[in-house]
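Read through the structure below, which is laid out as structure tokens, and then see the notes.
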Amino acid sequence: MAVFGLETEKSEQVLKWFSESQKRGESDNIIKNPFKFRSKFFLDEKLTLVIDMTPVWPNLTFFGWLMSVAVFVFWGLSWLMIPGLVLGSLGIFWCWPFYYFMATRGIRKAGYKGPIKFLTNNQIIKRVVL
């Protein structure tokens, strides 16, 4: 589960991207939408987006790294380590930096040229709750 916040200027492109993303998130088709996500936006002097994303598939990162270490211990450096390394590297899908990067890419592709600021959890709570 990755929860993160973005702050942008009030922009029609960002709101359009956000509404399209919410529509896409409602789809149960795992091919079109391999993530479960909830999101909200708050309008003040700036636009605050709060997004909670989780991949649908299970996290097999630990199993992949464990498999690679076991292969290394018994056979040394071998091509048999590759599947474990690939499974271990898929852990990026459970971290907020990946989702933040993809959200900023999507907002830029929507035509927004202004600043995009990452909000920490403390900043999100202060803006939304307080």
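Which of the residues spanning the stretch 41-58 are surrounded by 13 or more Cβ atoms within 10 Å (Cβ to Cβ) and free of Cβ contacts under 8 Å to residues at least 60 places away in the same chain?
Here is the first cut: in the stretch 41-58, the residues surrounded by 13 or more Cβ atoms within 10 Å (Cβ to Cβ) are 41-42, 46-55.
Result: Phe41, Lys46, Leu47, Leu49, Ile51, Asp52, Met53, Thr54, Pro55.
Residue under question is Lys23, and the condition is that it be more than 13 Å from the chain's Cα centre (by Cα) and under 22 Å from Lys126 (Cα atoms); does it hold? If you could, list the steps in order and put the result at the bottom.
Details: more than 13 Å from the chain's Cα centre (by Cα): yes; under 22 Å from Lys126 (Cα atoms): no.
Taking the combined requirement at face value, the residue does not satisfy it.
How many residues does the stretch 94-130 hold that are under 23 Å from Thr61 (Cβ atoms) and either surrounded by 14 or more Cβ atoms within 10 Å (Cβ to Cβ) or touching a His at 6+ places or on another chain (Cβ under 9 Å) (or both)?
6
Among the candidates Arg108, Arg127, which residue alone is closer than 30 Å to Gln13 by Cβ and in contact with a strand residue (DSSP E or B) (Cβ under 6 Å, 6 or more places away or on another chain)? It would help to see each step written out before you state the result.
Details: Arg108 fails: in contact with a strand residue (DSSP E or B) (Cβ under 6 Å, 6 or more places away or on another chain).
Only one candidate passes the filter, namely Arg127.
Would you pick out the residues in the stretch 8-23 that are surrounded by 16 or more Cβ atoms within 10 Å (Cβ to Cβ) and either closer than 12 Å to Arg38 by Cα or out of contact with any Gly (no Cβ under 8 Å at 6 or more places or on another chain) (or both)? Give the derivation first.
In the first step, residues of the stretch 8-23 are kept if they are surrounded by 16 or more Cβ atoms within 10 Å (Cβ to Cβ); the result is 8, 11, 13-15, 17-18, 21.
Answer for the stretch 8-23, where residues must be surrounded by 16 or more Cβ atoms within 10 Å (Cβ to Cβ) and either closer than 12 Å to Arg38 by Cα or out of contact with any Gly (no Cβ under 8 Å at 6 or more places or on another chain) (or both): Val14, Leu15, Phe18, Ser21.
What do you reckon, is Glu9 acidic (Asp, Glu) and modelled with pLDDT of 90 or more?
Taking the combined requirement at face value, the residue satisfies it.
Within the set of pairs 6 or more residues apart or between chains, which connect a residue that is farther than 22 Å from Trp96 by Cβ inside the stretch 4-31 to a residue that is surrounded by fewer than 16 Cβ atoms within 10 Å (Cβ to Cβ) and acidic (Asp, Glu) with Cβ atoms less than 8 Å apart?
No pair meets every condition.
The values are calculated or read from the model by the stated rules, or taken from the named source; none is laboratory data. All values reported here derive from a predicted model rather than from experimental measurement. A quick note on method: Cβ atoms are made from the backbone with ideal geometry, for glycine too, and the neighbour counts reach across all protein chains shown.
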